[in-house]
Amino acid sequence: MPRFFATMNQRSQLNQVENRFLPSFVRSHPLSNERLSEAQSRAQHYPSLSLNQQQRHQALFDLLYWRVQSTGKHASETVLMTAAKNSVGAKLALMNWYGEQQRFTEASDLLAEINRLPPTQRQNLEPLLSITHSQILTEQNKWSQAADVLASQQRVYPERRDLRLYLAEALTNSNQPIRAQALLKPLTEQQPSDRYAWQSLQLANEKLAKTTDSASLKNIATINALRYRSHDQLWSSRYESALTSLTQAKQLAEKLQTTAQASSARPLLANINAEIKAVKTAKDFEP
């Protein structure tokens, strides 16, 4: 960080023109040289890392750097192949790249090569190794195998949002939407604005409605799919669409009241009415 600020400070001085200077107290950010001093001071107070800690941090940076290069389309196959000779992170990114290109034999060869690493070194690649492996499997529509790979890591890292989302997708597509819901609901409880989690819940319920043999479960799943869609629409400021989804859900729930599922319909209706009220409040709010 100090080196970063030093570069900014140098460029700022080169670009300085007459009458362009403003004192730091009227700027939205302090001057770069002030930020440089603060960063240097903070760095000096960090405890020294052990050799093992330094190696772990460097390995993690290597993993993330090449993951960003690959997913951001900043690295070609040639660049990844060259870097993979000396970097496990680049090798993992190349494996992911092969999967995206449907070159599964080459991806499998790299996975086998990585699996031959010592257990401690291989463990340092987790959970990104399992995520990458699962993505290659999903490219081949091997959703059940992908779910198995991710489930073992999700048990080790239950707090990780990314693992929950990846695993929920694999479970939904391998006809296990109820298990997917159990993973996703805590995410929306922790962060109600998590649109990706709401979208995943909607897909899980749509899958459940299509695949279940129970008419009652199908009805409830259909209603919940509409409710979860409304949450995604609410948090993207599509208030009218959210109200439309909830109105459709309410109509279906009201029909249930005239059937043997009346006991299930009552709590659903209460939730839907509360959600309609929340959407209307958000829509009418003027900051």
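A short reminder: the numbers here are calculations on the coordinates, not readings from a lab. Computed from a predicted model, the values in this text were never measured in an experiment. Note: ideal-geometry Cβ built from the backbone for every residue, glycine included; neighbour counts use all protein chains shown.
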Estimated FRET transfer efficiency when R0 is 22 angstrom, pair residue 81-residue 108 (beta carbons, to 0.05): 0.85
GluC sites (Glu not before Pro) lying in DSSP loop within the range 116-202, provided at most 14 other Cβ fall within 10 Å: 159
Between 0 and 90°, nearest 10: helix 32-44 axis offset from the chain longest Cα axis: 90 degrees
Rounded FRET efficiency, nearest 0.05, which uses the C-beta distance separating residue 6 from residue 218 and R0 of 51 Å: 0.20
Spacing of the two label points (7 Å from each Cα toward its C-beta) at residue 141 and residue 237, in nm: 4.0 nm
With Cα atoms, 0 to 90° folded angle of helix 215-235 axis to the chain main axis: 40 degrees
Taking N as its residue count, the alpha carbon Rg of the chain over 2.2 N^0.38 Å: 1.35
Mean ellipticity per residue at 222 nm, deg cm²/dmol - from DSSP H runs of n ≥ 4 across the chain, formula -39500 (n - 2.57): -24500 deg cm²/dmol
Cα-centred dipole magnitude for the chain, charges only on beta-carbon of K, R (+1) and D, E (-1), debye, nearest 20: 300 debye
Coordinate range along principal axes, alpha carbons of the range 86-201, Å, largest first: 43, 28, 21
10 °C / 1.306 mPa s Stokes-Einstein diffusion coefficient of the range 54-135, Kirkwood radius on C-alpha pairs, µm²/s: 127 µm²/s
Computed over the chain: relative contact order in percent, which uses C-alpha pairs under 8 Å that are six or more apart: 8 percent
Evaluated over the range 177-287, the Cα radius of gyration and Dmax, each in Å: 13.8, 48
Length-normalised contact order of the range 177-287 in % [C-alpha pairs under 8 Å, at least 6 apart]: 19 percent
